[in-house]
Structure formats: C-alpha cells, structure tokens
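Peer 1: So that we are looking at the same thing, I have put the structure below in structure tokens.
Every number here is computed from the coordinates shown, using simple stated rules; none is lab data. The structure presented is a predicted model; accordingly, all values stated were derived computationally and were not measured. Cβ placement follows ideal geometry from the backbone for every residue including glycine, while neighbour counts extend to all protein chains displayed.
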Amino acid sequence: MARTHSRPSSPEPSASLIKRIKISHPTLHVATATNETLAAFASEVLESSNVAKLHKFYLESQPFHYALVGKLFQDDLLKRVKDECLGELSFTEKETDIYKVNQTGDLASLNYLDSSQLSLLPNLLKLRDALYSPEFRAFLQSVTGCGPLSGFKQDMSVNSYTKGCHLLNHDDVIGTRRVSYILYMPLPNYQLWQRDWGGALELYPTKPGPDGLPEPECVPSKSVAPSWNQFIFFEVQPGRSFHSVEEVVVGSGGEDGRERLSISGWFHAAQEGEEGYEAPVDEIELKSSREQLTNTQTAFKSYQSSESPTDRPPLPDVELSEEDITFLSEFINPAYLQTRTMQSLASRFVEESSLELHSFLTNSIAEALEPRLRDLDAHDGLGPDRNGKVPPHCSGVDAKNPDIVSADDATWSHFATNGTPTTPLPLGGTLSVNGIIPPVPAASATPVVPNPPSAWTLKGPPHKWRYCTLLPPSASAPAVSITPISAHPNPSEILRKLQDELFPSQAFRAWLAIVSRLLPIRHFVEARRFRPGLDYTLATSEEKEARLDVVLGLTPEVKDDESDEHETHAQRGWRAAEWGGWECYMAPHNEEDDPAVYRAGTYKKSDVLGHNTTKVADHDSNGANDHSVNGTNGHSNGTNGHSVDGTNGVNDKANGHPGSNGSKHSSPIGSPAPVANEEGEEAAMEVDEAEEDSTLLTVQPGFNRLLLVLRDERVMRFVKYVSAAAEGSRWDVCAEYEVGVVQEEGDDE
C-alpha cells in the first residue's frame with residue numbers, strides 16, 4: 001500500500017554515546033604512543049619483518065589493494081573493550097537506502113568526557129589511542145603507501161550487525177578519508193563465526209563504465225568473513241575501493257548472542273597544522289560512488305509510429321479508440337478501461353500525483369502468473385526452503401556470465417599468529433576467515449551450471465543498483481506465439497509480453513494520457529526481479545525534468561500454510577515491512593546534510609495498510625462518483641485509493657505541482673503513518689521535528705497493483721534492499737516516461 005509521511009534532516013551520529021552520563025566540555029586530544037599503548041598490540045604486529053610481508057600482500061591483493069591482520073590486539077584487552085562497548089555505550093538503529101545497522105556515535109566524542117566518565121571506558125580509550133598512535137599510523141603508511149595520516153582527526157564507531165543488518169556497495173570516498181578499517185569482535189567471541197551466518201565483507205572488481213570511468217562488477221570477487229580480533233584495512237580510492245557487507249541472517253533481537261560486532265572507521269589525511277599536511281586538490285580524476293549516483297541517465301526509446309495521418313499523439317481529453325480497447329483488454333482489467341473510471345482516476349491523479357490501482361491485470365493473467373512466479377523462485381533456490389539464508393550470487397540468473405563464480409569448494413590456507421599468510425598471496429586468491437582461497441586452475445575449474453538456462457541476467461553497477469532483467473530473446477530461437485497470454489507456461493515470457501507489448505504500446509500511451517492528463521513522449525520499460533539477500537536500487541533522481549513512473553507490482557502474496565490458501569496476512573512479510581523491497585520516494589537532498597548517508601535520509605517502518613478505501617464496485621457501476629475531488633488545492637483527506645475487488649488502496653495528501661491543461665499536479669508529501677507499539681497495538685506516530693523522516697511516499701510490494709507517480713525533478717527514488725528473510729523474489733514491470741503538457745492552440749506561451 002502507499003503511505004506518505006514527512007521528512008527530517010539526514011541522520012546524525014547518536015547524541016548519547018555513553019549510557020547514563022552527561023557530556024562535558026571537549027578536551028583537545030592527539031593520540032600519542034607510550035610503552036603501555038604499544039603493549040596493547042599482539043606480538044610481532046609492528047615488527048619490520050611483518051610490515052614487509054603485509055606490504056607485499058597489499059601490493060599483490062585483488063580486486064583492489066588491501067591487507068589483513070589475523071590478530072591485532074591482545075585478546076584480554078579486546079575482551080574488556082567488548083564488555084565496555086556492550087555495557088556502557090548506546091546503540092541506535094539506523095536505516096537508509098544503503099544500510100541498516102546498529103551504531104554508536106563517533107568515538108571521537110570520548111574527548112568530551114571528564115576523567116570520572118572516562119573511568120568507565122579505560123580499555124576502549126586505550127584501544128583508540130593505540131589505533132591512532134604515531135607508531136600505528138606509521139605502520140599503516142608503510143604497508144599501504146598512503147602518505148601522512150592525521151592523529152588529531154579521529155573517525156571511528158562501534159557497529160552491531162544483527163539479523164537483517166547490511167551495508168550495500170560503495171567506495172567510502174568522503175572528505176579527507178585515506179584508509180578504511182574494520183576490527184572484528186563477532187559474538188560470542190569463543191565461537192567461530194560461520195560463513196552462512198552472513199556478515200562477510202565483500203570486495204568488488206571494477207570494469208570501465210559507459211563513460212570510461214571504472215565501476216564495480218555486479219558480483220564480488222573476494223569475501224572476508226568476520227573473525228575475532230581480525231583487522232582489515234585498505235586505502236580509500238574513488239571509483240576503485242568498492243565493497244559491501246553481506247546481510248547478517250542470525251541474532252534476531254540478540255536473543256541467541258550472535259552478533260557481528262566491530263569497531264570501524266577511517267584514518268584521515270594529515271590536517272592543517274599537522275606534519276605532512278597537503279592542501280586539498282580541487283579536482284579528482286575519478287568520481288566517488290556517492291557522486292556517481294547523480295549521473296544516472298535513462299535510455300529512453302521513442303514510440304513507433306506509422307505513416308497514417310490519423311496516427312497522432314494521444315490527447316488527454318480524447319476517448320480510447322475501439323482498436324485501443326480491444327488491444328488493452330487482452331491485458332488490463334476491463335473496469336479500468338471504462339470512461340467513467342478513467343475520468344475519476346484522472347481527477348484523482350491531478351490532485352494527488354499518485355495512484356495505486358489494484359487488480360490491474362485481467363484475472364486470467366493474474367491467476368496464471370502468481371503461482372508460476374512462486375514456483376520459479378522455488379526452482380531457482382530463492383523460495384522459503386532457503387530458511388532465510390543468503391543465496392549465491394548466481395541464483396536465478398544465467399550462470400554462463402563470466403562474472404559469476406564460486407570458490408566454495410576451493411582449498412584454504414591459513415594465517416600465522418601475527419596475521420600474515422603462510423604462503424604468498426595468489427593474485428586471484430580469495431580471503432576467508434581462515435586465510436586465502438587460491439584460484440582454481442582454468443583447466444580444472446568447475447563452472448556453475450543451472451538446471452535449464454535462465455531467462456534472467458544481472459543488471460548493475462551495484463553502487464547504483466543490482467537486480468535481474470530479462471535476457472533478450474535468442475536470435476536463433478524460433479518465434480512462438482501462444483494465445484491467450486495466460487496459457488504460456490513460462491512466467492518469464494508472460495512478463496516479457498507485458499514489457500515488450502503492453503507498456504510501450506500506443507494504446508497504453510493513450511490510456512496513460514487520459515489518466516495522467518500528460519502526454520508520454522518517450523519510454524523506458526523493463527521487467528525486474530529483486531532476489532532476496534542480493535538485490536536493490538539506491539536513491540537516484542532526475543535533476544532537470546519531471547518523470548511519470550508506472551510500476552506494475554507482481555510480487556506473490558504471502559501465504560500461511562495453516563490457513564486457507566487464498567488468505568493473506570497483513571502482519572507478516574512484505575506488508576509488515578519485514579522484508580524490505582518497498583518503493584520509496586524522498587524529498588530532494590540537502591547538500592548541507594551529512595554526506596555519509598549517500599544521498600539518503602532515514603525512514604521508519606510504517607504500517608502500510610490503508611484504512612479509508614474506495615473500491616470500484618463492479619464493471620457496470622464503478623463507483624467513480626464516490627470520490628470528492630477539490631482540484632483547487634493539493635490535499636485530500638484520509639487514505640483513499642482505488643480497487644476493483646475491494647482490496648485496500650491508498651493515496652495520501654500532496655503539495656501542488658504545475659501540471660497539464662492548467663490543472664495542478666502534485667508531488668507526494670504526506671502525513672505520518674501509524675506504527676505498532678511494543679505491545680503490538682497500533683498507535684499514532686508522534687510527530688516530532690527531530691524524529692520526522694525524509695520519506696514522501698512508500699509502497700510495499702504487492703501482486704497485480706499498478707502504481708503511477710508523477711516524480712518532480714530532484715525527488716529521489718529507490719527500491720529498498722530485499723532481505724534474505726523474504727520467502728521469494730520481489731517482481732515488477734517498471735516503466736519510466738518522459739512526459740509533456742498538452743497545450744491548446746491560442747493558449748499563452
């Protein structure tokens with residue numbers, strides 16, 4: 001369902017770093033080394049022989065330079081640090097388009113504590129001072145060749161990844177960051193972290209993008225599972241240091257004690273006044289992943305037209321032709337082709353700038369498609385039988401893609417106590433919790449072979465999006481026409497019909513013109529599959545023009561084995577916002593906001609069910625007059641929507657936006673949605689300026705629902721990462737239209 005609510009500023013680090021104590025005035029602190037500080041490190045870590053080995057490791061590493069120390073600190077110290085983090089620090093759950101994590105504030109805030117308060121965190125302070133000491137910074141410089149690092153600018157926090165937490169692809173490039181690092185403290189510390197628990201650090205190779213700049217491949221080539229006291233670090237490089245953190249699939253609520261706990265942060269370049277400081281360079285050759293999010297372009301296609309003099313662009317006030325109705329009736333519920341219904345929808349869309357239409361496809365197509373999509377997920381290993389585990393990257397796609405590899409059966413070597421590899425690092429090797437996975441020789445490599453060939457392939461780059469799209473039909477394959485569409489046994493081919501025939505058609509263009517009061521000029525259409533535990537899109541926007549987004553949701557509804565097979569449950573899965581996958585629109589980004597959110601604001605989960613709905617009663621009397629439309633302002637009361645079968649539909653209030661025919665289209669802004677309290681009862685969300693979120697419109701995955709949204713320039717849009725907990729893929733057919741305003745002759749320009 002669609003739900004809108006208002007936006008706060010981008011998230012800031014937690015104000016309360018320490019539990020139950022107040023913060024005093026700051027004290028300037030620069031890390032210095034003492035014998036006690038150096039004694040915090042494990043033996044041999046800082047010795048020159050180990051530095052030389054790690055430097056060689058670093059230079060030979062792929063897909064970009066990184067190094068790994070198997071044991072960085074004395075175990076007793078790290079155990080005490082772990083206890084202080086869990087006992088004295090406050091964690092805040094943070095969620096944006098790119099991550100979900102429980103995080104403390106910046107540990108630089110320790111400088112604001114007085115001596116009595118610092119006495120609660122003596123071991124954490126000792127560890128921080130050791131990390132940013134001159135000796136350890138010199139160690140990092142020698143291994144990486146990164147240049148002088150700051151001892152004054154300290155940037156670190158404690159992160160807890162429990163079930164559902166993740167961090168998607170990015171390159172860490174912000175400001176003066178030079179070296180990124182992670183110190184692992186997975187819990188329980190006495191138990192080896194299993195790879196199928198998730199939480200691995202994934203490293204991505206790059207390839208030249210369309211503009212010639214490097215962009216990440218869709219699939220990581222290295223995976224580093226968490227291990228107690230393990231320290232991994234790499235130089236931050238724009239357009240190269242792409243990495244992500246795999247979703248953690250254990251430790252829900254922390255009840256079983258499993259949690260990917262870590263201290264992570266950055267070493268910054270030497271700051272002004274420090275030795276080695278260099279003034280920043282105005283221009284950099286490569287753009288960061290955050291900057292590349294602003295450079296997205298849609299590959300629009302023009303409409304095909306004939307030589308007929310009657311073949312003119314459709315006008316919003318012209319009824320559908322008999323030919324259009326005949327064609328559209330093969331796909332669309334006839335109720336949405338009736339003149340009164342379309343007029344009602346148009347009035348509502350002019351006022352709201354968004355519609356969600358339920359039961360949009362004909363019953364025959366819908367009834368054929370839903371079970372077949374569910375069966376395809378089960379066949380591809382993406383159904384409920386996974387039991388919430390993260391699937392392989394090759395799941396559900398054409399495994400002949402050379403970027404999709406598996407090293408699960410390779411032999412692992414080990415790290416010595418000081419963390420250096422006992423054997424030289426192969427250029428194609430893969431790091432694991434136990435060491436390096438050497439590459440499988442080409443002659444003996446075992447390819448990943450799916451059962452039948454898949455109709456789907458991966459679309460990236462993953463620092464912008466990753467999901468599956470349909471492969472183009474094989475040129476050698478015989479042309480097959482199956483009528484009716486619902487008779488096709490392959491659900492992928494039914495989606496191809498919607499993608500290639502319905503959405504780009506002149507008939508559907510005419511329908512959109514009537515319903516939106518806008519003229520579609522060019523189009524881009526693709527069927528999309530978002531696999532659980534793998535796929536998403538990050539927040540991007542069109543900077544100069546408005547767009548008409550049309551998305552046909554085809555995600556099968558959740559079924560409960562103990563109930564009637566046709567019954568769905570609103571409080572589990574997609575509708576309960578447990579599995580992600582929602583389509584989200586956010587207000588334009590304030591460039592003064594914290595850039596670490598990667599063009600995303602925070603948002604809270606909301607109950608996505610509408611309470612005030614309007615349905616199309618039947619095919620003869622569609623209830624269009626049930627809607628009261630003002631047309632002079634951009635607001636509607638309640639959460640009215642449209643439905644053919646009585647299913648709830650939602651459409652929330654909006655602000656005005658200049659539209660076609662002198663009418664007033666609006667972009668969604670909305671009011672807070674109700675949320676469930678700790679007792680599970682529904683309560684109104686308290687509106688507080690400090691807690692309001694940036695979301696304008698949120699639409700949960702559903703089956704056979706058409707969403708239309710007029711998206712203003714600079715409004716951001718994304719599909720939230722689909723959790724590994726989901727019992728199947730999120731499916732849709734997504735179209736984006738360049739639109740124009742129809743102006744009658746004689747109107748003032």
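Peer 1: Please work out whether the stretch 42-275 counts as rounded, prolate or oblate from its C-alpha gyration tensor, where a ≥ b ≥ c are the square roots of the eigenvalues and a/c under 1.5 means rounded, while otherwise a/b larger than b/c means prolate and anything else oblate?
Peer 2: In terms of gyration-tensor shape, rounded.
Peer 1: Starting at the first residue of the stretch 493-504, write each ³J(HN,Hα) from the Karplus equation 6.51 cos²θ - 1.76 cosθ + 1.60 with θ = phi - 60°, in whole Hz, x for Gly and Pro.
Peer 2: 6, 5, 5, 5, 4, 5, 5, 8, 10, 6, 5, x
Peer 1: Here's another thing I want to ask about it. Using amide H atoms built 1.01 Å from N in the peptide plane, name the residues 5+ places from TYR721, or on other chains, whose amide H lies under 5 Å from its own.
Peer 2: THR537, GLY581
Peer 1: Are any of the pairs LYS207/LYS720; LYS56/LYS94; LYS71/LYS222; LYS53/LYS459; LYS163/LYS301 more than 30 Å apart by Cα-Cα distance, and if so, which?
Peer 2: Too far apart for the 30 Å limit: LYS56/LYS94; LYS53/LYS459; LYS163/LYS301.
Peer 1: Karplus couplings for the stretch 717-725 from phi (6.51 cos²θ - 1.76 cosθ + 1.60, θ = phi - 60°), rounded to Hz, Gly and Pro as x?
Peer 2: 9, 7, 10, 4, 2, 8, 5, 4, 6
Peer 1: Over the stretch 85-215, what relative contact order in percent results from Cα pairs under 8 Å that are six or more residues apart?
Peer 2: Working: 98 pairs, mean separation 34.3, N = 131.
Here the relative contact order equals 26 percent.
Peer 1: I'd like to compare 318-331, 52-65, 197-210: which one has the highest average count of other Cβ atoms within 10 Å, and what's the full order after that?
Peer 2: Ranking, from highest mean packing down: 197-210, 52-65, 318-331.
Peer 1: Would you tally the net charge around MET156, using a Cβ to Cβ cut-off of less than 10 Å, leaving MET156 out, and scoring K and R as +1, D and E as -1?
Peer 2: -1
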